[in-house]
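Asker: Take this structure first; my questions come after.
The values are calculated or read from the model by the stated rules, or taken from the named source; none is laboratory data. In this text the structure is predicted, and so the values were computed from the model without any measurement. Glycine also receives a Cβ, built like all others from the backbone with ideal geometry; neighbour counts cover every protein chain displayed. Remember, those area values only see protein heavy atoms, side chains included, never the ligands or the DNA or RNA. Shrake-Rupley method; radii C 1.70, N 1.55, O 1.52, S 1.80 Å.
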Amino acid sequence: MSRIGNKAITIPSNCEITVNDGNEVTVKGPKGTLTRTFSPLMTIEQNDGVLTVKRPNDEKHTKQLHGTTRALLASMIEGVEKGFSKTMKVVGIGYRAALAGNKLTLNVGFSHPVDFTVPSNLTVTVPDANTIVVAGIDKQEVGQFAAEVRATKKPEPYGGKGIRYVDEHVRRKEGKTAAAKK
């Protein structure tokens with residue numbers, strides 16, 4: 001079941017990893033530091049620049065935990081080395097985004113602007129009024145904040161207006177047509 005868990009993770013030369021008792025893993029890299037505690041069932045070993053995760057048995061739960069642990073470790077290493085980012089487009093007439101300090105303000109067709117406070121460990125930029133870029137080292141936090149911003153006004157299928165990810169495809173529906181002429 002868990003073939004992902006069996007893959008070894010090569011540690012980049014600019015990253016430093018420490019595994020403490022209780023499976024607390026700290027990853028330091030050029031972009032920052034991440035710490036996470038993993039299940040005591042898993043054994044995390046570091047040898048010659050390679051990180052491996054081993055499971056104690058072949059029960060379904062431990063196989064699932066095995067793959068998840070390995071994927072989370074790989075994301076931590078990628079985050080402190082390269083970082084993660086999500087880019088969103090604001091589509092619609094009069095729809096726009098603005099950033100003032102650590103406050104993201106969206107005008108997306110409501111009677112009032114919608115404000116978001118940007119978490120301290122994320123970087124949000126607004127290159128133009130219709131683009132929002134969320135970046136950070138923690139994949140989960142970047143995705144969560146981007147999802148909360150997108151949930152303000154999801155793209156609708158008829159006009160295509162709303163907030164969408166740049167690589168997202170919005171299925172468009174045909175609107176009502178005039179009565180069929182006989």
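Asker: Mind listing whichever residues of the range 21-77 are under 16 Å from Thr10 (Cβ atoms), among the aliphatic types (A, V, I, L, M), in contact (Cβ under 8 Å) with a residue 40 or more places away in the chain and in contact with a strand residue (DSSP E or B) (Cβ under 7 Å, 6 or more places away or on another chain)?
Answerer: Residues satisfying the conditions are Val25, Val27, Val50, Leu51, Val53, Leu73, Ala74, Met76, Ile77.
Asker: So, one more: I'd like the residue in the range 14-37 that is among the hydroxyl-bearing types (Ser, Thr, Tyr) and more than 19 Å from Phe84 (Cα to Cα) and, out of all such residues, is modelled with the lowest pLDDT.
Answerer: Per the stated criteria, the residue is Thr18.
Asker: Taking the condition open to solvent by 70 Å² or more (accessible area, probe 1.4 Å) and modelled with pLDDT under 95, does Gly101 pass?
Answerer: So Gly101 passes the test.
Asker: List every residue pair whose Cβ atoms sit under 8 Å apart, with the two residues 6 or more apart in sequence or on different chains, where the first one lies in the range 146-158 and is in contact (Cβ under 8 Å) with a residue 24 or more places away in the chain and the second, anywhere, is basic (Lys, Arg) and surrounded by 13 or more Cβ atoms within 10 Å (Cβ to Cβ).
Answerer: These pairs meet every condition: Ala146/Lys86; Arg150/Arg164; Lys153/Lys161; Pro155/Lys161; Pro155/Arg164.
Asker: So which residues in the range 135-149 are surrounded by fewer than 16 Cβ atoms within 10 Å (Cβ to Cβ) and within 8 Å of the chain's Cα centre (by Cα)?
Answerer: Gln140, Gly143, Gln144 - these are the residues of the range 135-149 that are surrounded by fewer than 16 Cβ atoms within 10 Å (Cβ to Cβ) and within 8 Å of the chain's Cα centre (by Cα).
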